[in-house]
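Here the structure comes first, spelled out in structure tokens, and everything after it is commentary.
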Amino acid sequence: MAIYADITADQGSNFSSEVTVVDVDDSPIDLTDYTARGQIRRSYTSSTSTSFVTAINNPTSGVVSVSLTAAVTSAMKAGRYLYDIEIVSSTNVVTRVIEGQFILTPSVTRVG
């Protein structure tokens, strides 16, 4: 079962975070040969989404990195969204590791 955690990010800014995937005794899960993916949507049934850039840079630590560029957060409307992040094994077993609300706070500063 996925962990529930809300994320707050600033519109027009870079966003990055790390999630450590652990087993029942809080030991990091070895993510060698895994990939990660994640999306943000306005609602569970939205047909449009924004995808996180994901990376597993040190698989034995169980850490999944997710990020969005400033250009991506600028293009998003401020407000509340839903998100989740999944890991996918080399045999295509998909596991949702975290989910929650993604809150994008509005920006005041404009370019130009």
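No value in this document is a laboratory result; all are computed from the given coordinates. The structure presented is a predicted model; accordingly, all values stated were derived computationally and were not measured. Positions of Cβ are backbone-derived with ideal geometry, glycine not excepted, and every protein chain shown enters the neighbour counts.
Of the trypsin sites (Lys or Arg not before Pro) found in the range 25-82, the ones in coil according to DSSP and having at most 13 other Cβ atoms within 10 Å of their Cβ are 77.
Counting only DSSP H runs of at least 4 residues, each contributing -39500 (n - 2.57), and dividing by the residue count of the chain, the helix-based mean residue ellipticity at 222 nm comes to -1000 deg cm²/dmol. Each of 108, 93, 63, 88 was scored by other Cβ atoms within 10 Å of its Cβ. Arranged with the fewest first, they read 108, 93, 88, 63.
Between the listed residues 59, 38, 111, the Cα displaced farthest toward the positive end of the dipole of the range 35-112, a dipole computed from Cβ unit charges relative to the Cα centre, is found at 111. Relative contact order for the chain: 38 percent, from Cα pairs under 8 Å spaced at least 6 residues apart, divided by residue count. Look at 95, 109, 32 and count the other Cβ atoms within 10 Å of each Cβ; fewest to most, that gives 109, 32, 95.
Using Cα extents along the principal axes in Å as the read-out, say which of (1) 37, 27, 24; (2) 47, 29, 24; (3) 43, 34, 27 was calculated from these coordinates. Given (1) 37, 27, 24; (2) 47, 29, 24; (3) 43, 34, 27, the structure-derived one carries the label (2). Give the distance, in whole Å, between the Cα centre of the range 50-97 and the Cα centre of the range 1-37. What the calculation gives is 7 Å, centre to centre. For the chain, the dipole from Cβ point charges (+1 on Lys and Arg, -1 on Asp and Glu) about the Cα centre works out to 800 debye, to the nearest 20. Going from the fewest other Cβ atoms within 10 Å to the most, the residues 22, 97, 111 appear in the order 111, 22, 97.
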